[in-house]
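Chemist: Dropping a structure here in structure tokens format, bear with me for questions.
Read the figures in this text as sums done on the coordinates, not as results from a lab. Here the structure is a predicted model, which is why all the values come from computation and not from measurement. Neighbour counts are summed over all protein chains in view; Cβ atoms, including those assigned to glycine, are modelled from backbone coordinates with ideal geometry.
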Amino acid sequence: MFKPIRLVKKVPNLDFFRFHKLCFALSALLCLGSVVSLATQGLNFGVDFAGGILIEVRSPGPANLGDMRSKIGELNLGDVALQEFGASNDVLIRIERQDGGEQAEMAAVGAVRQALGTGYEYRRVEVVGPKVGAELVTGGILAVTLSLAGIMGYMALRFGWRAGLSGVVAILHDCLTTVGFFSVTQLQFDLNVLAAVVTIAGFSINDTVVIDDRIRENLRKYKVMPFRQLINRSINETMARTVVTNGLVFLAVFALLILGGQVLFGFAVAMTWGVVLGTYSTIYVAAPMEWYLAGRDTGNAHRHEDEAPAAAKP
Amino acid sequence: MLIIPRWKAAIILLAALAGLLYAAPNLLPRQVAESLPTWLPHQQVSLGLDLQGGSHLLLEVDTAVVTRERIANLQDLVRTAFRQPQIGYTDLAARDDAVSFTLRDPARIEEARRLLREGDADAEITATPDGRFTLRYPERVLNDLRRAAVDQSIEIVRRRVDETGTKEPSVQRQGLNRILLQLPGIDDPQRVKQLLGRTAKMTFRLVDMNASIEEARRGRLPPGTELLPSEEREGGQPRQYVVQRRAMVSGDMLTNAQAGNNAQTGEWVVNFRFDSNGARRFGDVTKANVGRLFAIVLDGKVISAPVIREAILGGSGQISGSFTAQSANDLALLLRAGALPAPLNVLEERTVGPDLGSDSIRAGTIACIVGYLLICVLMVLGYGFFGLIANIALLLNLIITLAVMSVLQATLTLPGIAGLVLGLAMAVDANVLIYERIREETTLGRTPFSAVDSGFSKAFLTILDSNITTLIAAVLLYAFGSGAVRGFAVTLSIGIIASMFTAISLTRLIVVFWLKRARPAVLPI
């Protein structure tokens, strides 16, 4: 058999703390930018959250957008957006939430189907009333908050509160900037994107766990090494794994982005962004933060290491 | 140590084999798989409506209507119970959840209380010494009422949908007062929505012929009657009738209803037949009221109000009105299926055409295969022979995930396919962690045996920790997510759990087996 290619040949010796202040500033800027963008232009919520109607039609020939627009416009349904995507005969129709609740919503769909007449193939129709939309928003916020809390609890249990806190700050950073990315680009934010946000949280903490695990191991091994040097060493030792795994995950979600089709596009965009950010935040946000929380090189980390449960043998 | 007991090895291999066996039916066409004998694995992954095409409707039962009706009945009870013994009262009023009135003669409180209790044992009666009565239902009774209304609605929805000839519809209760209706293969649910949009409560009531419509329009109605519009028109206006509130016979006593044509006029009509109880009552009422108008009321509207010419004793009759073929057939269908106890609202509709569904499957499958192949190639490039072992484990991970989904009959949705792709990437992480650890141990100068041994055991805890954190996120996503997103959480969770097995147990078994056979001096990693 041939000799395997090793991307990271031997344990590198990079100083990840060298730029940590610059990275803190950069992260703060990204988070701030996300908050500002969310506050000023908000998110382009999909039908799932905003309520309203989404219809995807395919016309036999190239779609006559003007004709469709005027036919639907006559129905007085408020804001109607028509958009071609992919082929010239695929049209996405979005109609804003109707006043008058669920019944008005359903009546509007019926009216649109009637106005457009036969000859169109209805590939997808989604109607979400205000009640369900509001519930999806609450459910989404609950899912994100609770998964952050659950992850933090588990991390604190396994690695102590410092690792828990810095891990959660890192994933908050990832989630916030992902949502911010969707705000800046005004890409549609729907249920699938929300699923991606929660997954990013899980993925990003995955990375942090691997490094924390190594930190714990090294704390036992090197009793007097300054904490900063010890964290650095741990990151370096796991670098090969970080490069390979994150590279593979990136490729997998990138395949989804290119080939997964239109419905999964938002999900794949969020995941691609999240994988990159998650890798960065583990090294440049979580790790330095843990260092600060442990009082830098005061030896706190070594003293309190005993509090964390010992690594059990499988 | 690197000794795997025979029984452990056997269990691992059996589990892998079972995975292959239970995933296998997915390769067969659906008909073939369904015709397999039951002792063979024959279940396939069930596809979500977003993949197979179909319509998903979330309905809400308006249970407030049911409780309001019950309160209105309570108000009627007060009127009728006090009429005979001539108990005087004032200020009779029904609020959302209570009926109240004041007795004229506080001395008769106990008598009134007894009469009310006889009339309705469920109501809670409170009375002040000066004769102020409040009647309400305990929450338990109202909850039973709501639950019964939802149960009955589910049954009626099922019957109505069955009447439309939809294949394999699924009707499920969701939460307290919701019904999830899934209609595979339906790409225009308009007709179903129309059929579910009517409660179809039909009653036969006598028309009060002495009351004047003009007076009634001004709000002065004889007691126990109400003013209802009709479908007949009179000078451009819908005609109105003053009808008794009390139903003489109601639609739930029907045994059959069919659309047909009237023999004389050729008009579309609905022929119906009562059960024995209904037939008797219908006969009695028509016998005693010859010459009066008998209104057929559907959902608060008079369809027609024919004159009773003679007693109708046969138990069957005919409804005429301004029907078309479609509306006569619809009404007959609704009468056969029965009335909904309360109106239904459609809260959400998601319909996917069959073509988009198969396009999504194709795109998802391609993404899955490309992702898998990319990972495979890179794993072999990166870890050589060990990469190959990881790829086998990875393929088995995918197979076991599908097998578990088939057995649990979990639904595969489009986001679920994304979960499969992501699960693959997560599964490979376990292998990478192990292999990198083995490399490190080798660099420290350990022998192949000891490097492999400590590689696996040291990586184990890291894998466990990192998988549990991801699992926490996936489980919460399942708990609070909805619809298709749940499918994502399911495939991701199953994939992660399966990866613990394939990456740790299975990979270890293969590596140890190979080590013992080949006894290499240097690990090819």
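Chemist: Of the peptides B:263-276, B:46-59, how do they stack up when ordered by the mean number of other Cβ atoms within 10 Å, highest first?
Modeler: The packing order, highest mean first, is B:46-59, B:263-276.
Chemist: In what sequence, highest mean first, do A:133-140, B:333-340, A:206-213 appear when ranked by Cβ atoms within 10 angstrom?
Modeler: For the peptides A:133-140, B:333-340, A:206-213, the packing ranking is A:206-213, B:333-340, A:133-140.
Chemist: Please report the net charge: other residues with Cβ closer than 11 Å to the Cβ of A:TYR284, K and R +1, D and E -1.
Modeler: Taking every Cβ under 11 Å from that of A:TYR284, the sum is +2.
Chemist: What angle do you read, to the nearest 10 degrees and between 0 and 90, between the alpha-carbon axis of helix A:227-237 and the longest principal axis of chain A?
Modeler: Taking the Cα atoms of chain A, the angle to A:227-237 is about 60 degrees.
Chemist: Roughly how many debye, to the nearest 20, is the charge dipole of the protein assembly as shown about its Cα centre, given +1 on each Lys and Arg Cβ, -1 on each Asp and Glu Cβ, and no other charges?
Modeler: 2340
Chemist: Starting with the highest mean, order A:61-72, B:86-97 by the number of other Cβ atoms within 10 Å, averaged over the residues of each peptide.
Modeler: The densest-packed peptide leads the list: A:61-72, B:86-97.
Chemist: Need one word for chain B: rounded, prolate or oblate. Basis is the Cα gyration tensor (sqrt eigenvalues a ≥ b ≥ c); a/c below 1.5 gives rounded, then a/b vs b/c decides.
Modeler: prolate
Chemist: Still on this model: Suppose each label sits 7 Å from its Cα in the direction of the beta carbon; what would the A:VAL137-A:ASN44 distance come out to in nanometres?
Modeler: About 2.0 nm, to one decimal.
Chemist: Right, something else. Quick check: pseudo-label points 7 Å beyond the Cα along Cα→Cβ at B:LEU444 and B:GLU231, how many nm apart are they?
Modeler: Each label point lies 7 Å from its Cα, and together they span 8.5 nm.
Chemist: Same structure again: Starting with the fewest neighbours, write out B:LEU433, B:LEU523 ranked by other beta-carbon atoms found within 10 Å of each beta-carbon.
Modeler: B:LEU523, B:LEU433
Chemist: Need one number: nm distance between label points at B:ALA64 and B:ILE392, each 7 Å from Cα along Cα→Cβ, rounded to one decimal.
Modeler: 6.5
Chemist: For an R0 of 30 angstrom, estimate the FRET efficiency from the Cβ-Cβ distance between B:ASP97 and B:SER170 and round to the nearest 0.05.
Modeler: Calculated value: 0.30.
Chemist: Does a label point 7 Å from the Cα of B:ASP275, set along Cα-to-beta-carbon, have any residues of region B:321-361 with amide nitrogen under 14 Å, and which are they?
Modeler: Under 14 Å, as judged by backbone N against the label point of B:ASP275, lie B:336-339 of region B:321-361.
Chemist: What is the gain in length, in nm to one decimal, between B:THR126 and B:ASN262 on full extension, counting 0.36 nm per residue of separation less the C-alpha to C-alpha distance?
Modeler: Stretched out fully, the B:THR126 to B:ASN262 stretch lengthens by 43.4 nm.
Chemist: List nothing, just return the count: lysine pairs in chain B, 8 or more apart or interchain, with Cα separation under 22 Å. Don't skip to the answer; put the middle values down first.
Modeler: Values: B:LYS8/B:LYS458; B:LYS8/B:LYS516; B:LYS167/B:LYS193; B:LYS193/B:LYS201; B:LYS193/B:LYS301; B:LYS201/B:LYS301; B:LYS458/B:LYS516.
For chain B, qualifying lysine pairs total 7.
Chemist: For B:ASP252 and B:THR134 in the same chain, what is the full-extension length gain: residue separation times 0.36 nm, less their Cα-Cα distance, in nm?
Modeler: 39.3 nm
Chemist: FRET efficiency for A:SER88 and A:LYS223, Cβ-Cβ distance as r, R0 = 60 Å, nearest 0.05?
Modeler: Calculated value: 0.30.
Chemist: Relative to the longest principal axis of chain A, what angle (0 to 90°, nearest 10) does the C-alpha long axis of helix A:20-40 take?
Modeler: The angle comes out near 20 degrees.
Chemist: Given R₀ = 56 Å, FRET efficiency for B:ALA148-B:VAL522 by Cβ-Cβ distance, to 0.05? Present the calculation step by step, with values, prior to reporting the outcome.
Modeler: Numbers: r = 75 Å, r/R0 = 1.34.
FRET efficiency, B:ALA148 to B:VAL522: 0.15.
Chemist: Continuing with the same structure: Counting helices only, and only those DSSP H runs with n ≥ 4, report the 222 nm mean residue ellipticity of chain B as the sum of -39,500 (n - 2.57) divided by its residues, in deg cm²/dmol to the nearest 500.
Modeler: The per-residue figure over chain B is -17000 deg cm²/dmol.
Chemist: Determine, for A:CYS31, A:CYS175, B:CYS368, the number of other Cβ atoms within 10 Å of each Cβ, and report the residues in order from fewest to most.
Modeler: Starting with the residue having the fewest Cβ neighbours, the order is A:CYS31, B:CYS368, A:CYS175.
Chemist: Another question, then. DSSP H helices in chain B with Cα extent of 20 Å or more along the helix axis and mean Kyte-Doolittle hydropathy at least 1.0?
Modeler: B:6-23, B:354-383, B:385-408, B:448-480, B:484-499
Chemist: May I ask you to evaluate 6.51 cos²θ - 1.76 cosθ + 1.60, the Karplus curve with θ = phi - 60°, for each residue of region A:101-118 and list the ³J(HN,Hα) values in order in whole Hz, giving x for glycine and proline?
Modeler: x, 4, 5, 5, 4, 5, 4, 4, 4, x, 5, 5, 4, 5, 5, 6, x, 7
Chemist: Now a separate question. Can you sort A:TRP291, B:TRP39, A:TRP161 by how many other beta carbons sit within 10 Å, fewest first?
Modeler: B:TRP39, A:TRP161, A:TRP291
Chemist: Continuing with the same structure: Within 10 Å of each Cβ of B:373-383, how many other protein chain Cβ atoms are there on average?
Modeler: So the per-residue partner count for this stretch is 4.
Chemist: Could you work out how much longer the chain between B:GLN194 and B:GLU310 gets when fully extended? Use 0.36 nm per residue separation minus the Cα distance between them, nm to one decimal.
Modeler: The B:GLN194-B:GLU310 span can extend by a further 38.1 nm.
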